[in-house]
Amino acid sequence: MSGLASWPEPVVRVQSLSESGMHAIPERYVKPPSDRPSFTNETENHHQHVDIPVIDLTNLFGKHPALHEETVRLISVACEEWGFFQAVNHGVSHELMERMREAWRHFFNMPLEFKQEYANTPTTYEGYGSRLGVQKGAILDWSDYFFLHYLPVSLRNKSKWPSQPSSCRELLSEYGAEVVKLGGRLLKAMSTNLGLKEDYLQNAFGGEDIGACLRVNFYPKCPQPDLTLGLSSHSDPGGMTFLLPDHDVAGLQVRKNGRWITVKPVPNAFIVNVGDQIQVLSNAIYKSVEHRVIVNSVKDRVSLAFFYNPKSDLLIEPANELVSEERPALYSPMTFDEYRLYIRTKGPCGKAQVESLGSS
Ligand code: OGA
Ligand code: NI
């Protein structure tokens, strides 16, 4: 992994650029025209009210069999058709969500020197970062982030978690535990609907030994938001993602039939999406869908992406039950450790990676 030991160029904090008051963004952040956000799309969405499904999870936890079944069915349809949904009544404390958001806003508002103590490297990506990928001269995204491991416990290094605000580490522990619980419940629902044993996906993920990490994204205000992206198009490499978006500032766009749909966050909801590993395990019945983030000139934005992942050294491959003569295995087996090296080296690349796994 020697190629990932350090960044190819000096790191520039996007937040510092934004705060410098410049009117034109540096060339490094200017996307080719085909990748730039097109604001016409967005206007059209507003007319058509197209958005990802919103699913109430109340009955997923309840005892009423018919209502439970209906909730499971809605999740399944969302995972097949969108790869995304917003979950409400998901069981995670709204107050805890709010406190996490505030704590991380506080962190990014701390002085640069404090944040620099957590500066990351591409070896593990843990800490304060400003790019994904190590390709010299790459066009960069308009965002900074903080990345940390939550599970396995052996990788949980609290000294690498922010010491300020003082509530941060405790909040993280509590938040992680709640989101992991939710993840387990959704894996059961997905397994059932795929026609697998209820604990199939959980076992494929390593049972109790799953991986989990958090990426907190900070998208500073941008003087030329129509030329750049906060996060380039990608699909999430892991299992499943729980995104806690910012309150009233939108930014996430999901690709649907070749168009970009801007997600309007529902209060207190998680935006849940299928990652590449579930696409592989389900033999592409469930889709990990491309998404990206647009920025704006008015308001910065904080989002927390919690990644619920398989244990990193297990081979992930399509479930036998979902492979037949008519539907052969679409992917060859690979561990998540090997898999994520790709995005960590090349940066966000749409769906190029999972497609490269195709067994022919
Ligand atoms: C991510 C991601 C979306 C957002 O971190 O993988 O897609 O809205 N984030 O920040
Ligand atoms: Ni993502």
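The values are calculated or read from the model by the stated rules, or taken from the named source; none is laboratory data. All figures in this text were calculated on a predicted structure; none of them were measured in a lab. When we count neighbours, we look across all protein chains shown, and the Cβ atoms used for this are built from the backbone with ideal geometry, even at glycine. Quick note on the areas: whole protein, heavy atoms, side chains included, nothing else; ligands and nucleic acids left out. Shrake-Rupley method; radii C 1.70, N 1.55, O 1.52, S 1.80 Å.
Filter the stretch 7-23 for residues that are of a type in the set (G, A, S) and not in a helix (DSSP H, G or I) and give the result.
As a first pass, look at the stretch 7-23 and keep what is of a type in the set (G, A, S): 16, 18, 20-21.
Matches in the stretch 7-23: S20, G21.
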Q) Of the residues that make up the stretch 266-285, is at least one among the small types (G, A, S) and farther than 30 Å from E95 by Cα? A) yes
Q: Please specify each residue of the stretch 157-192 satisfying the condition of being among the hydroxyl-bearing types (S, T, Y), closer than 17 Å to F107 by Cβ and free of Cβ contacts under 8 Å to residues at least 24 places away in the same chain.
A: S159, S163, S166, S173
Q: Kindly list, by first and then second residue, each pair from a residue in the stretch 129-151 that is touching a residue at least 60 places away in the same chain (Cβ under 8 Å) and more than 16 Å from ligand 1 (Cβ to nearest atom) to a residue that is open to solvent by 20 Å² or more (accessible area, probe 1.4 Å) and polar (S, T, N, Q), limited to pairs with Cβ atoms under 7 Å and residues at least 6 apart or on different chains.
A: V134/T345
Q: Among residues belonging to the stretch 233-259 that are among the polar types (S, T, N, Q) and in contact with a strand residue (DSSP E or B) (Cβ under 6 Å, 6 or more places away or on another chain), point out the one that is nearest to ligand 2 (Cβ to nearest atom).
A: T241
Q. Of the residues in the stretch 232-255, how many are under 10 Å from the mean Cα position of the chain (by Cα) and closer than 15 Å to V216 by Cα?
A. 5
Q) Mind checking whether some residue in the stretch 275-287 is open to solvent by 30 Å² or more (accessible area, probe 1.4 Å), in a strand (DSSP E or B) and more than 16 Å from ligand 1 (Cβ to nearest atom)? A) no
Q. Which of (1) touching a residue at least 40 places away in the same chain (Cβ under 8 Å); (2) in contact with a Pro (Cβ under 6 Å, 6 or more places away or on another chain) is the odd one out, the single condition A269 does not satisfy?
A. (2)
Q | Where a residue in the stretch 48-75 is more than 10 Å from N89 (Cβ to Cβ) and its partner, wherever it lies, is surrounded by fewer than 15 Cβ atoms within 10 Å (Cβ to Cβ) and modelled with pLDDT under 95, with Cβ under 8 Å and at least six apart | A | H68/G62
Q.
Could you check the stretch 305-333 and list, in sequence order, the residues that are touching a residue at least 40 places away in the same chain (Cβ under 8 Å) and surrounded by fewer than 16 Cβ atoms within 10 Å (Cβ to Cβ)?
A. E321, V323, R327
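Could you please give the count of residues in the stretch 76-102 that are assigned to a helix (DSSP H, G or I) and surrounded by 22 or more Cβ atoms within 10 Å (Cβ to Cβ)?
Result for the stretch 76-102: 3.
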